[in-house]
Amino acid sequence: MDHALAPLLVRIAEALERLAPPAPAEADFSAARLFRHDPETGAFHPAPDYPLSLDSLVGVERQKARFVENLERFAQRLPANHVLLWGVRGTGKSSIAKAAFMAVGQDHPALKLVEVDRDQVTALPAPFDVLRGRDERFVVLCDDLSFEEGAAAAKALKSALEGGVSGPPENVLFVATSNRRHLMPRGHQEDRGLIATAEDAEEEVSVSDRFGLWIGFPPMDQPTYLEAVRAYAARHELSDPDLDRHALQWAQLRGARSGRVAWQFIRDLAGAQGKTLPL
């Protein structure tokens, strides 16, 4: 190498080093129980505990029991399946995942929850590699997952769940919520040709097969909706002599019956009576 070029190459190397992003600090998972992953920096940011108790979610007893059973196995280092919570919006999918984590984590301090953004699915293999091999047990939650980015995001998630040649991380349980059973986006691309579009669809549908446990959340019927309203009202000591009729009128105005709509009605009732409620 020409010795005259050596100083120039050193300056170039130093400039590139200054431009390179700093390596993320080693994650400290003792700081909290819940974390959010930042795909830009690779950092895991502590988050406050989830305030809603599992008992406060009514009308979804079967779903709660099945999810907790699987989560307990994972916390005890027994075989457990990745979970897809799917169904209509407002039925408590995300709330059950977080509230169940808080409940099970009471007896398992090594259990941690990491929330990842649905728009960053392609970045999942990197945090999975960071979590692999640690002493903690990680529930990785992706809320409202669907593959708007197409097959690339689906392939990235499959890679994260399967772990490549290293295999899947034994200490990671992936939980996704979705309004659609097969995670398909509503407006699937059709400008790439029928064959390419069909291949993308097959790739995306195949990801749902990586979830060993599917828990469905169907629309609430009227008796279940009223049961939820009554349970919330009793829990928070709210009285209304015409509770059912007012609750049904509220649902009619919203055009839906769900646990979320029931809770919103209860919040309105509490406000009208000058009482405070948890968020």
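The values are calculated or read from the model by the stated rules, or taken from the named source; none is laboratory data. Given the structure is predicted, the values throughout are model-derived calculations rather than measurements. With ideal geometry, Cβ positions are generated from the backbone for all residues, glycine too; neighbour counts draw on all protein chains shown.
The table below lists the values:
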quantity: Count - residues of segment 38-50 that are within 14 Å of Leu113 (Cβ to Cβ) and in a loop (DSSP other than H, G, I, E, B); calculated: 3
quantity: Residue that is nearest to Phe67 (Cα to Cα) [pool: residues in segment 144-177 that are touching a helix residue (DSSP H, G or I) at 6+ places or on another chain (Cβ under 9 Å) and modelled with pLDDT of 90 or more]; calculated: Val175
quantity: Single match in Val140, Val121 (criterion: modelled with pLDDT of 85 or more and either surrounded by 22 or more Cβ atoms within 10 Å (Cβ to Cβ) or out of contact with any His (no Cβ under 7 Å at 6 or more places or on another chain) (or both)); calculated: Val140
quantity: Which listed residue, of Leu253, Leu213, Leu238, is over 30 Å from Thr122 (Cα atoms), surrounded by 15 or more Cβ atoms within 10 Å (Cβ to Cβ) and either hydroxyl-bearing (Ser, Thr, Tyr) or modelled with pLDDT of 90 or more (or both); calculated: Leu238
quantity: Segment 97-117 - residue that is in a loop (DSSP other than H, G, I, E, B) and not acidic (Asp, Glu) and, of those, surrounded by the fewest Cβ atoms within 10 Å (Cβ to Cβ); calculated: Gln106
quantity: Sole residue being of a type outside the set (S, T, N, Q) and modelled with pLDDT of 95 or more, chosen from Glu69, Glu14, Glu61; calculated: Glu69
quantity: Single condition Glu227 does not satisfy, out of (1) charged (D, E, K, R); (2) surrounded by 14 or more Cβ atoms within 10 Å (Cβ to Cβ); (3) modelled with pLDDT under 70; calculated: (3)
